[in-house]
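First comes the structure, then the notes that go with it.
We did not get these values from a lab; they are worked out from the coordinates using the rules stated. Keep in mind the model is a prediction, meaning the values are calculated, not measured. As a convention, Cβ positions derive from the backbone with ideal geometry for all residues, glycine included, and neighbour counts pool all protein chains shown.
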Amino acid sequence: MVKEPARILVVGGGYVGMYTALRLQRKLKRELRQGLAEITVVTPDPYMTYQPFLPEAAAGSISPRHVVVPLRRVLDQCHVVIGEARTIDHTTRTATITTLATEEEGTGARRLTYDELVLAPGSVSRALPIPGLADHAIGFKTVEEAIGLRNHVIEQMDIASSTRDPAVRDAALTFVFVGGGYAGVEALGELEDMARYAARHYHNVTRDDMKWILVEATDRILPEVGEDMGRYTVTELRRRNIDVRLDTRLTSCADRVAVLSDGARFPTRTVVWTAGVKPHPILAATDLPLTERGRLRCTAELAVEGVTHAWAAGDAAAVPDVTAREPGTDCAPNAQHAVRQAKVLGDNIVHSLRGEPLETYAHKYAGSVASLGLHKGVAHVYGRKLKGYPAWFMHRAYHLSRVPTVNRKARVLAEWTLSGLFKREIVSLGSLEHPRAEFELAAGGKPSEGPPRNPKGSS
């Protein structure tokens with residue numbers, strides 16, 4: 001039994017953060033009710049994003065609000081703080097955080113003290129010092145980026161349909177995706193599928209007018225699904241007239257021209273960067289041990305190595321894979337491990353508080369599934385290889401089973417059912433990105449956010 005009040009601080013509200021806090025509030029239900037434990041979750045967003053559904057949200061198959069899970073509803077026994085951790089001094093059990101209130105009040109950062117620390121901030125996009133990348137590219141890690149990209153693609157089709165300048169039209173209809181992992185391939189597959197369908201409703205834009213280019217620095221894409229399925233994916237994409245360039249890097253996208261290492265140059269208004277991630281910056285602002293790659297060095301029990309009362313999992317943690325054949329192998333930083341690690345992590349914190357033996361995290365990688373657009377996919381699960389419709393169906397079934405809460409499962413299933421009965425939505429709501437622009441113009445002011453936009457949000 002917990003005899004002293006235990007203050008548990010969870011940094012991050014993603015897969016690991018949400019599932020760990022959820023596990024803790026279930027396991028410590030009596031202690032929370034009696035005031036013997038308290039759980040604080042510090043996260044920059046009031047929701048958890050189910051990232052495998054971002055490509056379908058971008059393509060319009062799923063509503064954006066059904067890709068996210070509201071933390072306050074799910075973690076009703078936790079204290080959810082919308083803010084960001086800036087520094088963590090584990091020696092003194094103190095975290096420095098900033099919130100919306102501290103920014104408005106100008107009071108500086110708040111200090112939180114804790115007894116048990118769970119570090120689960122996830123990862124951030126790994127950008128390289130490529131000319132023009134910061135000015136013109138867009139990532140694909142958040143629901144805001146996914147919906148913004150959807151709006152952008154449709155707006156480029158609007159531009160191409162209305163311009164008389166061949167150069168502007170060509171640049172608007174050229175879409176460059178950098179990175180051949182899950183995010184890049186699935187985003188490209190879904191958006192190309194959506195744009196091809198949308199082209200039916202333009203009198204002067206056809207699918208053949210559009211150029212879709214996938215740039216990958218290595219000699220293969222989707223390494224998680226195996227070499228055979230990776231080759232099949234390249235063949236499938238090229239069959240759809242998608243230009244797949246392996247062993248190629250983006251060297252510049254300055255002046256809206258994508259320059260590749262093979263010498264090719266593509267004037268384009270769309271560069272999507274999905275070329276990897278890196279550990280969250282908060283890890284470097286702690287006094288905890290890190291690996292050479294900047295991740296927290298952890299034990300198989302998901303405790304931070306060499307210290308007590310500190311725990312981590314997911315993208316932020318280098319967790320030994322006890323099922324691997326080669327010693328020294330870490331668990332892959334993916335959702336499959338993160339969700340399962342969170343369960344063991346929550347249990348081990350409870351075991352630690354109650355003086356019980358800790359569990360070892362062990363999960364043999366089951367395989368991977370990937371969507372390449374509507375009714376198209378690849379899968380390599382438990383040694384079995386699937387492609388086409390069966391793989392696509394498995395992709396949907398697997399992720400439907402994994403998305404949190406029955407509420408979200410039902411809503412996603414309902415949307416898939418309706419999308420099968422009715423035509424695909426191809427509406428762009430680009431004005432959502434600058435909601436005050438039109439009013440500022442009407443009031444006689446100068447828009448402070450982005451260029452003026454027409455009422456429908458088209459450029």
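Some points to look at:
- Distant-in-sequence amide H partners of Asp321 (H built 1.01 Å from N, under 5 Å): Thr329, Asp330, Cys331
- With 5 Å bins from 0: P(r) over region 214-311, alpha-carbon pairs, percent: 2, 10, 15, 14, 12, 11, 11, 11, 8, 5, 1
- Furthest towards positive pole of dipole, Thr251, Asn204, Thr235, structure part region 133-275, Cβ charges: Asn204
- Note on the chain: dipole from Cβ charges, positive end direction compared against Pro267, Gly60, Thr299; the farthest Cα belongs to Gly60.
- Sequence ranges 319-329, 299-309, ranked by mean other-Cβ count within 10 angstrom, highest first: 299-309, 319-329
- Cβ-placed point charges (K, R +1; D, E -1), dipole of region 133-275 about Cα centre in debye, nearest 20: 360
- Alpha-carbon Debye profile of the chain, log10 I(q)/I(0) at 0.06, 0.08, 0.10, 0.12 Å⁻¹: -0.29, -0.51, -0.80, -1.12
- Simple Cβ-charge dipole of the chain, Lys/Arg +1 and Asp/Glu -1, about Cα centre, in debye nearest 20: 1260
- The residue list Thr49, Cys78, Ala127 was ranked by how far each Cα lies along the charge dipole of region 1-157 toward its positive end, using unit charges on Cβ atoms, and Cys78 comes out on top.
- Stretched out straight at 0.36 nm per residue, the stretch from Arg110 to Asp262 would grow longer than its current Cα-Cα span by 49.7 nm.
- In plain terms, if you count all Cα to Cα distances in region 133-275 and split them into 10 Å steps from zero, the share in each step is 12, 44, 36, 8, 0 percent.
- Under DSSP loop assignment and at most 10 Cβ neighbours within 10 Å, longest chymotrypsin sites (Phe, Trp or Tyr not before Pro)-free interval of the chain: 1-381
- Cα convex hull of region 27-90, projected area averaged across orientations, nm²: 6.2
- Rounded to whole Hz, the Karplus (6.51, -1.76, 1.60) HN-Hα couplings of region 48-58, x for glycine and proline: 9, 8, 8, 4, x, 8, 4, x, 6, 5, 5
- Whole-angstrom Cα spans of region 77-145 along principal axes, big to small: 43, 28, 27
- Look at where the Cα atoms of region 299-374 and of region 86-101 average out, and the two centres are 24 Å apart.
- Within the chain, helix-based [θ] at 222 nm, where runs of 4 or more DSSP H residues each add -39,500 (n - 2.57), nearest 500: -10000 deg cm²/dmol
- Violating pairs (Cα-Cα greater than 23 angstrom) within the set Lys141/Lys409; Lys278/Lys409; Lys278/Lys387: Lys278/Lys409; Lys278/Lys387
- Alpha carbon centroid spacing (whole Å) that separates region 388-436 from region 36-84: 17
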